[in-house]
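What follows is a structure written as structure tokens; I'll ask about it next.
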Amino acid sequence: MDAGLVTVEQFDNCLKKAEKTKQKVGDVLVCEGLINQEELIKLEAYILGIPFVNLEKEIVPPEVLKIIPEPIARSHNIIAFRKKGNDLEVAMLDPEDLRTIEFIKKTTTLRILPRLTTPESIKNILRQYQKTLEAEFGEIIKKEVGVITSIKEEEVIEEKAELQKMAEELPVIRIVDTLIKHAILQRASDIHIEPMEKEVVVRYRIDGILRDVMTLPKISAPGIVARLKVLSNLKLDEHRLPQDGRFKVETEGYKYSLRVSVLPVFDGEKIVMRLLSETAKAYTLEGLGLRGEALEKIQYNLRKPVGMILVTGPTGCGKTTTLYAMMEILNNPSVNISTIEDPVEYRMPRINQTQVNPKIGLTFAAGLRALVRQDPDILMVGEIRDNETASLAINAALTGHLVLSTLHTNTAAGALPRLIDMKAEPFLISSTLNVILAQRLVRRLCEEKEKYYLKESELKNLARYCDLNRILEILREEKLVKPKQTFNKIPFYRPKPTKDCPEGYKGRIGIFEVLPVTETIKDLIVKQATTDQIQAQAQKEGMKTMIEDGFVKAVQGITSIEEVLRVIIE
């Protein structure tokens, strides 16, 4: 009240509530939204005469971090962050936790200076304990691989029991846990474990690109495979057929669901795991990289109660994520949203998600037939793969539903001939389809990047892939370049590798083209026009192609020209 953050009345109400629910007054004030956590901690710090520090962006040297062991840091929310001479500054959430401070004083000869900080700061520093894993991993491999036992060829009868025993050996468990933990920290989307003739290669796919991270001795292969089969409930003694399973990994910091695929290859069994974060926030369309007119067209078409919205692109270009972002916008208590997917990638509250299971005859077509009887307002079909699914999806859109789906075509215009190939009637396509969105993912440049200008030879090379004059026009319209500026005067950026960002890239963003199905496009569909004719008409009507959208993002310094060309030329 002295600081003028709350009124007497507000404070009294919170005090009553705190007494009723047996909570601290401070917590109630924060819950009610009257003050934020940081203000509360700053006040506490002021009253107690302990300085407040914000460490949300701070990076602590490992030797200082290690002064307080990780288990204690985690359980007591206390971390060492700065050491000057004989003074050690430690940040904590609870200033009254004197026992921990006493304990730390006993384990070190340094003088402890307590500081108050925010929960976010503590989380940021705790994450840094994980970073020293690489060294730790090397040690496991060196120290413990010798302990792993191998199975002799002739012991086939007892093989299952042997494998079971092997899967429970500590070194094997540690290797598998470390591989997974490490992949999560590096934001990998897949882990590949590939047996070679003399070794096992482990690769992570990070930002869409596979890279080697580890080679393990060949002797560890059967143990790792057995361990992963045990985790994902697969048959241990089946080595000749592919198998699929899934399991979950949970710690305080993250919750991941892993899809496991085991495939027999020449030198043993190859395992690929897809990592899906269960705590990941759903993206917004803006967050995915849609902007300006393209974003408006999508939002306008999402407001229509019926019709069909298609997202197209090759595998792994983020189509499903875009569909989820659209469903996030549409998801409210007044509509019923049902999906049929293969597999269910993210769980979404209040959306009825069904997974296809071809083994028992639950295909996209069979699932879609059942969904139509579930009184849905909005249907999401993971992918249109065959003629039957195509005609069912179009019929669902005709009978008053909004249908979202994906197709494997390279451009937005290419989706239309593709649907006609799938025996869909052109006049039905023209009357149901609202908009088509084509996309690719490009890697984002890190904060530190290198500025450069295009040379004549580079411009000539670029002209083979795109119309440079049109791109200049678009850049002028977007006010990203001055009216008189020419291509060789526009700054572009290259990745600059740094310690935090070894590749110069971190994370990805989409580049898009949005093709609204206008009256003229409808006529072309009915006439069964080619992809090129449809594309030309759409561009005449103002559609920006993916490469043009990519160039806009390259001029803004979000990505590099190399990235845009890499994903377009593929």
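Quick test of your reading: applying the under-4.7 Å Cβ rule, which cysteines of the chain are isolated?
Here CYS14, CYS31, CYS317, CYS466 come out as lacking a disulfide-compatible partner, given the Cβ-Cβ threshold of under 4.7 Å.
Turning to a different aspect of this structure: Mind ordering 539-552, 207-220 by average Cβ neighbours within 10 Å, highest first?
Ranking the peptides 539-552, 207-220 by packing returns 539-552, 207-220.
Near the amide H of LYS270, under 5 Å away, which other amide H atoms are found, from residues 5 or more places off or on another chain, if H is placed in the peptide plane?
Under 5 Å from the amide H of LYS270: LEU263, VAL265.
Which entry in (1) 84, 78, 61; (2) 124, 82, 47; (3) 75, 58, 53 is this structure's computed Cα extents along the principal axes in Å?
(1)
Which of the three applies to the range 194-260, rounded, prolate or oblate, going by the alpha-carbon gyration tensor with a ≥ b ≥ c and a/c under 1.5 meaning rounded?
oblate
Tell me, in nm to one decimal, what length is gained between GLU519 and GLU56 on full extension, where the rule is 0.36 nm per residue of separation less the Cα-Cα distance?
Stretched out fully, the GLU519 to GLU56 stretch lengthens by 161.4 nm.
Same structure again: Ordered by packing density, taken as the mean number of other Cβ atoms within 10 Å over each peptide's residues, highest first, how do 186-197, 497-508, 396-407 rank?
Ranking the peptides 186-197, 497-508, 396-407 by packing returns 396-407, 186-197, 497-508.
Now a separate question. Strictly over 20 Å apart at the Cα level, which of LYS319/LYS451; LYS522/LYS553; LYS165/LYS255; LYS482/LYS506; LYS229/LYS270; LYS479/LYS544 would you flag in this model?
LYS319/LYS451; LYS522/LYS553; LYS165/LYS255; LYS482/LYS506
Next question, about the same structure. At 222 nm, what value in deg cm²/dmol follows for the chain if DSSP H runs of at least 4 each add -39500 (n - 2.57) and the sum is divided by all its residues, to the nearest 500?
After summing the helix terms and dividing by the residues of the chain, the value is -11500 deg cm²/dmol.
Just to check, using Stokes-Einstein with a Kirkwood Rh over alpha carbon pairs, what's the diffusion coefficient of the range 304-446 at 4 °C and 1.567 mPa s in µm²/s?
This corresponds to a translational diffusion coefficient of 85 µm²/s.
Another question, then. Calculate the FRET efficiency for ASN352 and GLU278 from the Cβ-Cβ distance with a Förster distance of 25 Å, rounded to the nearest 0.05.
Efficiency, from the Cβ-Cβ distance: 0.90.
Kyte-Doolittle cut-off 0.0, length cut-off 30 Å along the helix's own axis using Cα: show which whole DSSP H helices in the chain pass.
Qualifying helices, which must be both long enough and hydrophobic enough, do not occur.
For ASP94 and LEU468, FRET efficiency with R0 = 60 Å and r from the beta-carbon atoms, rounded to 0.05?
Calculated value: 0.50.
Coordinate-derived values only; no laboratory data. Just so it is clear, the model here is predicted, and its values are computed rather than measured. So basically every Cβ, Gly included, is an ideal-geometry build from the backbone, and we count neighbours across all protein chains shown.
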